[in-house]
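Report on one structure; see the data block that follows.
The values are calculated or read from the model by the stated rules, or taken from the named source; none is laboratory data. All of these numbers come straight from a predicted model, not from anything done at the bench. Here the Cβ positions follow ideal geometry from the backbone for every residue, glycine too, while neighbour counts run over all protein chains shown. Ligands, DNA and RNA are excluded from the accessible area calculation, which covers all protein heavy atoms including side chains. Shrake-Rupley method; radii C 1.70, N 1.55, O 1.52, S 1.80 Å.
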Amino acid sequence: MFESLSDKLDAVFKKLKGRGLLKEDDVDAALKEVRMALLEADVNFKVVKDFIALIRERAVGKEVLESLTPGQQVIKIVHDALCDFLGTVNSRIQLAPNPPTVIMMVGLQGSGKTTTTGKLARVFRKEGRRPLLVAADLQRPAAIDQLVTLGKQLDLPVYSDTGTKDPVAVCREALKKARLDGRDVVLVDTAGRLHVDDELMDQLRKVKEAVQPKEVLFVADAMTGQDAVNSAKTFNEKIGIDGIILTKMDGDARGGAALSVRHVTGRPIKYMGVGEKIDMLEPFHPDRIAKRILGMGDVVTFIEQAQDAYDQKEAAKLANRIMEDSFTFEDLREQLKKLRNMGPLENILGMIPGMGKAIKDIKVDEKEFVRIDAIINSMTNAERRDHDLLNGSRRKRIAMGSGTTVADVNRLVKQFLEMRKMMKMMKGGMGGKKGFRMPKFPMPF
Amino acid sequence: MGFFDRLKAGLAKTRHNFVARVESVLLNRTIDESVLDDIEEILITSDVGAGATEDIIQILKEKIRSGAIAGSADVTACIQGEMAKLLGHPQPLVIEGIKPYVILMAGVNGVGKTTTIGKLAQRYVDEGKSVVLAAGDTFRAAAVEQLEIWAQRTGAAIIRHQAGSDPAAVAFDAVEAAKSRNADLVIIDTAGRLHNKTQLMDELKKINRVIKKSIPDAPHDILLVVDGTTGQNALRQAQVFNEVVGLTGIVLTKLDGTAKGGIVFAIYKELGIPIKLIGIGEKADDLRDFSANDFVKALFEK
């Protein structure tokens with residue numbers, strides 16, 4: 001459905017290859033594509049307008065770096081501007097000089113406030129603090145239960161009072177209790193609401209007055225469409241927010257809402273929720289979101305996850321083998337094992353640049369891995385180390401041994417050879433031209 | 001308040017935004033193709049989606065060229081007509097004739113699945129039907145409790161297992177219970193799941209499969225609940241859920257906010273899945289049968 005922006009821009013600039021400067025007409029043609037890409041990523045229309053104006057200014061007359069195509073050059077400009085728009089990394093949550101630090105969570109219904117409250121409490125506890133959770137969402141049935149359950153999971157106290165409908169009273173009592181018990185961080189989970197509801201907005205304001213939070217955090221769903229701007233703006237105007245937490249970033253939404261929300265409120269995005277489990281909250285990385293909005297894949301996340309799965313030493317060994325051009329089936333088998341340890345394959349592939357589009361049509365069959373594994377296992381040690389040995393009769397034997405067909409074996413060998421070829425190319429590129437290069441990862445399919 | 005008035009009231013914000021903007025664009029301007037750029041803008045900011053927007057703009061362009069559209073009233077009428085056409089004929093939920101009728105509800109996290117089920121239960125209990133709810137969201141903290149509150153409120157029966165248990169088993173038990181109690185309707189709640197999580201989608205597939213062990217042609221409806229504030233990703237959600245379990249309809253929630261729910265145009269255009277119900281408020285009777293004409297009319301009504 002979504003073609004990656006890099007592909008589109010490359011198409012725009014195809015006919016221009018080799019020209020030195022980015023001309024106004026070319027830039028405008030490119031910006032049309034950028035605009036559509038941003039809109040498809042759900043970036044708010046007005047925000048897109050501001051953004052395009054900025055890009056235009058930066059791009060016209062710019063010299064195309066030697067190592068880049070004009071398309072890549074524009075992407076780089078867009079990417080850098082997106083990062084600027086999205087703000088800086090690691091905006092920590094401020095703590096009050098006199099504890100307890102009160103943090104108030106606000107947001108629309110279903111944005112993930114309660115879950116995020118729990119996740120944040122976990123972060124504070126990890127830092128050695130003593131959080132108290134407060135169930136001030138008296139609107140949604142079972143919201144209190146949800147927070148109490150989360151508290152139990154985390155082994156953290158939750159203040160709640162099912163006997164009242166007045167969240168202000170609940171908060172006052174909770175603060176008293178926090179002081180008595182020496183709790184230094186108080187996280188207040190408020191009712192989710194549609195921001196059009198003035199009565200409930202009033203209630204939130206009263207809660208804010210009563211608890212005097214150090215920070216009010218706005219929880220926003222990354223899948224939100226054009227309306228993200230309206231809700232963020234209203235919350236900011238009526239209640240006043242200090243930071244933003246983006247949730248459901250583990251979905252495949254482009255997350256254009258991040259750009260919109262950040263732009264209209266001017267407040268930093270501090271964290272993002274990346275999964276349902278209680279430990280899945282990560283500091284916000286503007287560059288990753290920028291790439292995602294552009295459909296360039298979450299390269300950094302991929303590399304980090306890869307680093308977790310790979311032992312440093314082994315990685316060095318592998319790099320050596322690639323340099324020496326001695327990558328074997330044994331290495332391939334090892335690599336595949338590591339890859340599979342990194343999580344569901346489709347998630348990982350989606351993070352790789354260029355793959356985002358490719359896997360739209362390809363159903364990744366996890367069984368294919370089992371097949372490849374079986375084929376390699378049916379080789380002799382000598383065959384694994386030297387693929388040149390694989391003649392017709394050996395391939396036939398391997399197919400029989402692994403329960404596959406000769407065609408399967410042939411295909412694997414062909415893919416393996418292609419991988420080696422790609423690695424050779426990578427090797428040629430290493431240490432050469434510096435600049436904006438799309439990393440290529442060898443993939444056996 | 002009559003049905004149409006409530007719908008209008010619920011969509012007031014949407015309508016104001018949309019119509020006011022169309023009108024401000026058209027004010028004191030000769031109608032030519034430059035107006036189309038602005039209309040395109042409006043459609044896109046309503047989450048209508050690039051494809052559906054392009055269709056509407058294309059039609060308008062031809063009509064302007066041929067002189068069929070001269071004044072601003074024509075443009076509004078034309079947009080209205082085209083938009084209603086894009087949404088197809090009404091296909092309301094009909095549970096009569098099959099007993100027990102089984103509805104499976106699915107969707108990503110936080111779209112309002114459980115609330116929708118509560119409202120749906122209320123509707124049918126009020127009609128004198130006996131309703132069984134299946135607490136199939138065994139994952140989210142207190143999801144079962146939330147459904148239980150709805151069961152108490154509406155007087156529907158509820159089948160629940162312990163937190164963390166197999167949702168397919170809950171669904172199966174609920175259908176079996178409905179059979180033995182001679183109930184009219186079973187509504188199965190499921191945990192919110194992001195459509196790009198293969199394991200969770202497999203789980204949904206399994207729930208669907210296990211239900212068929214009790215009643216082979218059930219579930220009779222598989223509804224995807226979509227948050228009206230969701231952007232273009234909703235299309236992707238519908239596409240994937242449809243591939244996995246085969247959707248029979250969409251429920252569009254949270255339309256009482258300022259969001260315009262324009263994504264339903266893209267969903268119907270691309271996938272042909274009808275919108276069955278819309279949620280226009282928090283009260284139990286704010287869940288309505290969807291009608292394209294009323295929906296679009298309410299958008300444009302002054």
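Summary of values
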{"item": "Around B:Ala266: net Lys/Arg minus Asp/Glu count, Cβ-Cβ under 13 Å", "result": "-3"}
{"item": "Per-residue average of Cβ from other chains inside 10 Å of B:40-49", "result": "4"}
{"item": "Linear extension gain, B:Asp289 paired with B:Arg65, 0.36 nm per residue minus alpha-carbon span", "result": "76.9 nm"}
{"item": "Cross-link pairs B:Lys119/B:Lys179; A:Lys270/B:Lys297; A:Lys46/B:Lys254; A:Lys32/B:Lys269; A:Lys32/A:Lys424; A:Lys248/B:Lys206 - those with Cα-Cα distance over 31 Å", "result": "A:Lys270/B:Lys297; A:Lys32/A:Lys424"}
{"item": "Partner chain coverage, peptide A:215-222 - average Cβ within 10 angstrom", "result": "1"}
{"item": "A:Asp221 long-range amide H proximity, modeled H, under 5 Å", "result": "A:Thr247"}
{"item": "Inter-chain Cβ neighbour average for residues A:225-238, partner chain, 10 Å", "result": "5"}
{"item": "Long-range amide H partners of B:Gly249 with built H, under 5 Å", "result": "B:Ile222, B:Leu224"}
{"item": "Protein heavy-atom accessible area occluded, B/A pair - total, 1.4 Å probe, Å²", "result": "3600"}
{"item": "The stretch A:226-250 and the stretch B:100-126: distance between their alpha carbon centers, rounded to Å", "result": "28"}
{"item": "13 Å beta-carbon shell around A:Leu132, net charge (K/R +1, D/E -1)", "result": "+2"}
{"item": "For the stretch B:101-290: relative contact order, % (alpha-carbon pairs under 8 angstrom, 6 or more apart)", "result": "26"}
{"item": "Rounded to the nearest 10 Å², the accessible area of B:Ser180 at probe 1.4 Å", "result": "100"}
{"item": "Paired Rg and Dmax values of the stretch A:101-284, which use every Cα atom, in angstrom", "result": "15.1, 45"}
{"item": "Amide proton proximity set for B:Ile159, modelled H, under 5 Å, gap of 5+", "result": "B:Leu133, B:Ala134, B:Ala135"}
{"item": "By average C-beta atoms within 10 angstrom, highest first, the peptides B:181-194, B:36-49, A:272-285", "result": "B:181-194, B:36-49, A:272-285"}
{"item": "Rg and Dmax [Cα atoms of the stretch B:84-137; Å; Rg one decimal, Dmax integer]", "result": "13.4, 37"}
{"item": "Length added when fully stretched, A:Lys152-A:Met280, from 0.36 nm per residue minus Cα-Cα", "result": "44.3 nm"}
{"item": "FRET efficiency, 1/(1 + (r/R0)^6) with R0 56 Å, evaluated for B:Asn182 and A:Ala29 via beta carbons", "result": "0.25"}
{"item": "Stretch gain in nm, segment A:Lys233-A:Lys424, where the contour uses 0.36 nm per residue and the Cα spacing is subtracted", "result": "63.6 nm"}
